[in-house]
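Below is one structure, written out as structure tokens; the observations come after it.
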Amino acid sequence: MSTSSGPNAGSVLIIDLTRGKVVKREVSSETVKRYLGGRGFNSKALFDMVPGRIDPLSPENVLALGNGTFAGTVLPMTSRLHISTLSPLSGILGDGNAGGEFSAMLKFAGYEQIIVTGRAEKPKYVFIEDDEVEIRDAEELWGLTTGETVDWLRDEHGDEVSVAGIGPAGENLVRFATTMVDKYHSGARGSGAVWGSKNLKAIAVIGTKGVEPADPERFYEMAKEDIDYFNRNEFVKRIYSVIGTHYGLIQWYPSWKYFQAPLSAEELPVGLRPQDLAEYEVGRTQCFSCPLACKDVYYLPSTGEYGTSSEFESIYALGSNNCIIDTEAILRMEHMADEYGMDVMTLGDTIALARLLHEKGILSGEELEGLSLEWGDAEGQIQLIEMTAYRKGFGDKLAEGYRNFAKLYGDEALAYCYDVKGVNRGWYEVDFINGIFTLSHATSTRGADHLRGRSWAYWENDKLMDIEAVKRMLEAGLPDYRKDPVGALIYGERACTLADSLGRCKGSINSWLQAVPLVWKYPVFKGTAMLLTAFTGIEFTEKDVIDATDRIYLTEMAFNVKQGIKKKHYDVKFPPEFAATERAKAQVRRHWELVDEYLERRGCDVETAYPRRETLEELGIGYVADQIEEKEFPEWDGPVREVA
Amino acid sequence: MFVLAVIYENCTGCHLCELACSFKHHGVFDLSLSRITILTKPEVQTSVQVYCLQCQDAACERVCPVDAISRDKNGAYIINYDRCIGCRECAYACPFGAISFEVEARPIKCDLCEGEPECAAVCPHDAIVYMEEKKAARELKKAKAAGVAYGLYGGKETSEHPRKKAEEAVEYLLELVEKSGELDI
Ligand code: SF4
Ligand code: SF4
Ligand code: SF4
């Protein structure tokens, strides 16, 4: 019955695979106040440890796993594991978070963060049981799927272990392989290949300690209010806990045929409606400490397998964007991607791009060796997914991932590649939602992305969940996107940085109400400040919270500066046919105006897009400026490759 | 008489009840200090709550060599730690594994939180309810009936139940969307 207390119970575990050494380091109150936890800790570690322009698959790269500040506590939805690295997909910061129980277990074992460096000579896994940490042989595990890996580790260490690790895609250095937690929770595309390059198959953890807030009563009272809020919310009860992110199929316009037509609710074909997916559902599940249960558990009659979390993203990317409407086939593909450990969005979008290039004659039929790239061919796609995970035949090219794949076919192909900084997220007109979509993709510190601030900027789902709460947030100073899109986006980015650092889920409802604890009662970041104070015993004001998120965001921008990111990489991409029009040209001009305003308000140099020294010094991180002023960084053009 | 009843079918395995229980009794979030234990296998959607059923004729009470266990006014079997000698007989005798122990410490079990069960207060899915016994029995019957419809028992093929629930969710969503169009913020 050992309990721990203090500002943040755990320590940092540094695992050097080259030397086979493990070191533990304490976390100071100062670090917690400045970087909060999770993403904040990870981004700082990456900036401090990873040099500019290295091959992400070389031993010099660092893999950071951070549980958020509130992991393991009763504050709901706060046990997401944040995973960060220099991404082999993009060559810039690659981070993301995964659910499951790993982050809570890690906290119960007494750790805040794991940092993995170097490369083991032979396959290894790490086993953690409270204070004991061991690097063990994983030769028997190499080659197993993520599900088999978890089963193997449960057999070896007992059912309580929680596992983060990779499947065959990570081992085969597929550039968008992910870290998989407890079989089904996927996070941080690209990170899987980094595990693979380090010869690290998995980390299994059992934690049996407790977590004790500095002011237990105060913390518990507030956390319980937050649970009650979700337990009583009609939207959550009647929609969210029933169909999870499938509600996006009705609300979020899933794209059809490689981003050629977004589908409205009326246009949604049979097979892709929430009720069609529900036919495969046998139950619902969630991550540790979450009252929402956004995840379906599905059963596939044709293969006899169970899977979970067929999210909106997998359905649009593997399904509608490839014109596939066979429900069970889509679920099967989703399950395959989980078992191999691959990101569904880059997988689906890269295959859809291949189909388009084939249709346009840019990709010839020869290399396909009889494979079909017809729109809507589900069986063919199942084959392609397997070939990608094992880098077989044409799959070897798909495994390079979106922009790297397009580059293999030259400028003609790149013209159809709608990436920002190497990452795919479709294309949108600048005028759409007052410039927010395109701007948010451009300013995201991990490349084009929907979970870096965008939906928060225009209260996408908050409006449906609790309109009164939105009004209270506006009164408390949240910028209104209709008048001030740039200000609204910066606030959205802060909300997401905060959630990722606290370990709080933001990915399912994409809303303020979910991402920022108690925002409905103490807007905008006051509730978070109160919770942080009660939990850590360190005094936090709302300004401290905002400053921490800005410190983290600018550190990430600076990390990307070291990887060669320049202002030109904040661009917006259109399909060539549209790009040639006057309408598009006017929109591009508007986009750059918004980018300039954004850089100015973020305290960056408008010419170079580098964070300004004064801004960094004001946030107490002048050392970041020293490093980015030190030398010229060669311009980014995708990930560096040391070895051919 | 009020009873604490669990409805296995409703439990999604979020562990909030365990965190709340350990906090209420020890001021700390610690799964091993919770009087209720959630065993989960998320991939096949089985979560089972292991907890004290406050039996009519309780094995723990019977085997205790120093009569440290007795029933309080809420019907909860309570361990009197002034008498308890820490032998763990009660834990071994409980047919449900509902009593936890550590060798150095005293056994712990559910005390119904003096009539205000914290686990039931936080459970998001009505998987733990604390209600008048007849009402609880009725709730249980309803949940079991839904479970049968859900295809939880006897075969893996799914049924119309999730589809219907999804259809209702979509309908409600469209309603909300329409309403939100009129809202001017
Ligand atoms: S909402 Fe979904 S993704 Fe988020 S914590 Fe809950 S179960 Fe996990
Ligand atoms: S009633 Fe109280 S003691 Fe019993 S399991 Fe629930 S929270 Fe724990
Ligand atoms: S709080 Fe309810 S749903 Fe969550 S684990 Fe406990 S019994 Fe199950």
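Taking A:Gly537 as the residue in question, decide whether it is of a type outside the set (Val, Ile, Thr), surrounded by fewer than 18 Cβ atoms within 10 Å (Cβ to Cβ), on the phi > 0 side of the Ramachandran plot and touching a strand residue (DSSP E or B) at 6+ places or on another chain (Cβ under 8 Å).
On the way: of a type outside the set (Val, Ile, Thr): yes; surrounded by fewer than 18 Cβ atoms within 10 Å (Cβ to Cβ): yes; on the phi > 0 side of the Ramachandran plot: yes; touching a strand residue (DSSP E or B) at 6+ places or on another chain (Cβ under 8 Å): no.
No, not satisfied.
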Residue match in region A:310-333 (condition: without any contact (Cβ under 8 Å) to a residue 40 or more places away in the chain and within 12 Å of chain B (Cβ to nearest Cβ)): no
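Select from region A:294-307 the residues that are surrounded by 24 or more Cβ atoms within 10 Å (Cβ to Cβ) and not charged (D, E, K, R) and list them in ascending order. Walk me through how you get there before you give the answer.
So in region A:294-307, the residues surrounded by 24 or more Cβ atoms within 10 Å (Cβ to Cβ) come out as A:294-296, A:298, A:307.
Across region A:294-307, the qualifying residues are A:Cys294, A:Tyr298, A:Gly307.
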So B:Cys119, is it in a loop (DSSP other than H, G, I, E, B), surrounded by 22 or more Cβ atoms within 10 Å (Cβ to Cβ) and either β-branched (Val, Ile, Thr) or within 12 Å of ligand 2 (Cβ to nearest atom) (or both): no
A:Trp142 vs (1) more than 16 Å from A:Gly72 (Cα to Cα); (2) crowded, with 24+ Cβ neighbours inside 10 Å; (3) in contact with a Lys or Arg (Cβ under 7 Å, 6 or more places away or on another chain): all pass except (2)
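Residues checked against (1) in a strand (DSSP E or B); (2) over 24 Å from the mean Cα position of the chain (by Cα):
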{"position": "A:Tyr125", "(1), (2)": "yes, no"}
{"position": "A:Leu141", "(1), (2)": "no, yes"}
{"position": "A:Leu153", "(1), (2)": "no, yes"}
{"position": "A:Glu160", "(1), (2)": "no, yes"}
{"position": "A:Arg175", "(1), (2)": "no, no"}
{"position": "A:Ser186", "(1), (2)": "yes, no"}
{"position": "A:Gly192", "(1), (2)": "no, no"}
{"position": "A:Ala214", "(1), (2)": "no, yes"}
{"position": "A:Met222", "(1), (2)": "no, yes"}
Any chance A:Leu489 is aliphatic (A, V, I, L, M) and farther than 20 Å from A:Gly68 by Cα: yes
State all residues of region B:65-87 that are polar (S, T, N, Q) and either surrounded by 15 or more Cβ atoms within 10 Å (Cβ to Cβ) or under 15 Å from B:Arg106 (Cβ atoms) (or both); if no residue qualifies, say none. B:Asn74, B:Asn80
A careful count of residues in region A:93-132 that are within 15 Å of ligand 1 (Cβ to nearest atom), of a type in the set (Asp, Glu) and more than 13 Å from A:Gly207 (Cβ to Cβ) gives 0
Among (1) in contact with a strand residue (DSSP E or B) (Cβ under 6 Å, 6 or more places away or on another chain); (2) within 16 Å of ligand 1 (Cβ to nearest atom), where does B:Val50 come up short? (2)
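Based on this model, can you work out whether B:Arg62 counts as out of contact with any helix residue (DSSP H, G or I) (no Cβ under 8 Å at 6 or more places or on another chain) and over 21 Å from B:Met131 (Cβ atoms)?
Numbers: out of contact with any helix residue (DSSP H, G or I) (no Cβ under 8 Å at 6 or more places or on another chain): no; over 21 Å from B:Met131 (Cβ atoms): yes.
Here the answer is no, as B:Arg62 does not meet what is asked.
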Mind counting the residues in region A:253-275 that are open to solvent by 10 Å² or more (accessible area, probe 1.4 Å) and either outside any loop (DSSP other than H, G, I, E, B) or at pLDDT below 90 (or both)? 5
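Quick check on region A:162-173: of everything there that is among the hydrophobic types (A, V, I, L, M, F, W, C) and in a strand (DSSP E or B), which residue is nearest to A:Asp130 (Cα to Cα)? Outline the logic, then answer.
Of all residues in region A:162-173, those among the hydrophobic types (A, V, I, L, M, F, W, C) come to A:163-164, A:166, A:169, A:173.
Pick out the ones that are also in a strand (DSSP E or B) and you get A:163-164.
Numbers: A:Val163: 14, A:Ala164: 16 Å.
Only one residue tops the list, namely A:Val163.
Restricted to region B:122-173, and to residues that are in a helix (DSSP H, G or I), among the β-branched types (Val, Ile, Thr) and at pLDDT 90 or above, which residue is farthest from ligand 3 (Cβ to nearest atom)? Break it down stepwise before answering.
Narrowing region B:122-173 to residues in a helix (DSSP H, G or I): B:122, B:133-150, B:160-173.
So of that shortlist, the ones also among the β-branched types (Val, Ile, Thr) come out as B:122, B:148, B:170.
Filter again for at pLDDT 90 or above, leaving B:122, B:170.
Numbers: B:Val122: 6, B:Val170: 24 Å.
So, considering only residues that are in a helix (DSSP H, G or I), among the β-branched types (Val, Ile, Thr) and at pLDDT 90 or above, the one farthest from ligand 3 (Cβ to nearest atom) is B:Val170.
Being under 19 Å from the mean Cα position of the chain (by Cα), under 23 Å from B:Lys164 (Cα atoms) and acidic (Asp, Glu): is that true of A:Glu311 here?
Details: under 19 Å from the mean Cα position of the chain (by Cα): yes; under 23 Å from B:Lys164 (Cα atoms): yes; acidic (Asp, Glu): yes.
So A:Glu311 passes the test.
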Sort out which residues of region A:356-383 are in a loop (DSSP other than H, G, I, E, B), open to solvent by less than 60 Å² (accessible area, probe 1.4 Å) and over 16 Å from A:Gly410 (Cα atoms), and write them in order of number. A:Gly365, A:Leu371, A:Ser372, A:Leu373, A:Trp375, A:Gly376, A:Asp377
For region A:79-91, give me each residue that is hydroxyl-bearing (Ser, Thr, Tyr) and either in a strand (DSSP E or B) or modelled with pLDDT of 95 or more (or both). A:Ser84, A:Thr85, A:Ser87, A:Ser90
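Select, from A:Gly40, A:Gly72, the only residue that is outside any loop (DSSP other than H, G, I, E, B) and at pLDDT 95 or above.
It is A:Gly40.
Filter region A:277-296 down to residues that are outside any loop (DSSP other than H, G, I, E, B) and at the interface with chain B (Cβ under 8 Å from one of its Cβ atoms), then give me how many there are. I'd like the intermediate steps shown before the answer.
In the first step, residues of region A:277-296 are kept if they are outside any loop (DSSP other than H, G, I, E, B); the result is A:277-278, A:281-285, A:295-296.
When the remaining residues are screened for being at the interface with chain B (Cβ under 8 Å from one of its Cβ atoms), the result is A:277-278, A:281-285.
So the answer is 7.
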Can you tell me which residue among B:Gly97, B:Gly27 is under 21 Å from the mean Cα position of the chain (by Cα) and either surrounded by 16 or more Cβ atoms within 10 Å (Cβ to Cβ) or within 12 Å of ligand 2 (Cβ to nearest atom) (or both)? B:Gly27
Wholly within region A:407-509, which helices (runs of 4 or more DSSP H) include no fewer than the required count, namely at least 1 residues that are surrounded by fewer than 23 Cβ atoms within 10 Å (Cβ to Cβ) and within 14 Å of chain B (Cβ to nearest Cβ)? A:462-465, A:467-475
Is it the case that B:Ser22 is at the interface with chain A (Cβ under 8 Å from one of its Cβ atoms), without any contact (Cβ under 8 Å) to a residue 40 or more places away in the chain, of a type outside the set (Val, Ile, Thr) and touching an Asp or Glu at 6+ places or on another chain (Cβ under 8 Å)? yes
Which one of B:Gln45, B:Gln49 is of a type outside the set (Gly, Ala, Ser), on the phi > 0 side of the Ramachandran plot and at pLDDT below 95? B:Gln45
If A:Ala586 satisfies all but one of (1) touching a residue at least 40 places away in the same chain (Cβ under 8 Å); (2) in a helix (DSSP H, G or I); (3) surrounded by fewer than 24 Cβ atoms within 10 Å (Cβ to Cβ), what's the number of the condition it fails? (1)
Quick check on my filter: what residues within region A:400-432 are more than 24 Å from the chain's Cα centre (by Cα) and at positive phi? A:Gly410
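Each row is one residue, and each column tells you yes or no for (1) modelled with pLDDT of 95 or more; (2) away from chain A (no Cβ under 14 Å); (3) within 16 Å of ligand 3 (Cβ to nearest atom); (4) out of contact with any Gly (no Cβ under 6 Å at 6 or more places or on another chain).
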position: B:Tyr8; (1), (2), (3), (4): no, no, yes, yes
position: B:His26; (1), (2), (3), (4): no, no, no, yes
position: B:Ala59; (1), (2), (3), (4): yes, yes, no, yes
position: B:Pro65; (1), (2), (3), (4): yes, yes, no, yes
position: B:Ile69; (1), (2), (3), (4): yes, yes, no, yes
position: B:Arg88; (1), (2), (3), (4): no, yes, no, yes
position: B:Ala93; (1), (2), (3), (4): yes, yes, no, yes
So, B:Cys90, is that one in a helix (DSSP H, G or I) and open to solvent by less than 50 Å² (accessible area, probe 1.4 Å) or not? yes
Is there a residue being surrounded by fewer than 18 Cβ atoms within 10 Å (Cβ to Cβ) and touching a Lys or Arg at 6+ places or on another chain (Cβ under 7 Å) anywhere in region A:18-26? yes
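The values are calculated or read from the model by the stated rules, or taken from the named source; none is laboratory data. Note that the coordinates shown come from a computational prediction; the quantities given were computed from them, not determined experimentally. Glycine gets a Cβ as well: all are built from the backbone with ideal geometry, and neighbour counts include every protein chain shown. Areas reflect the complete protein model, heavy atoms only, side chains present, ligands, DNA and RNA absent. Shrake-Rupley method; radii C 1.70, N 1.55, O 1.52, S 1.80 Å.
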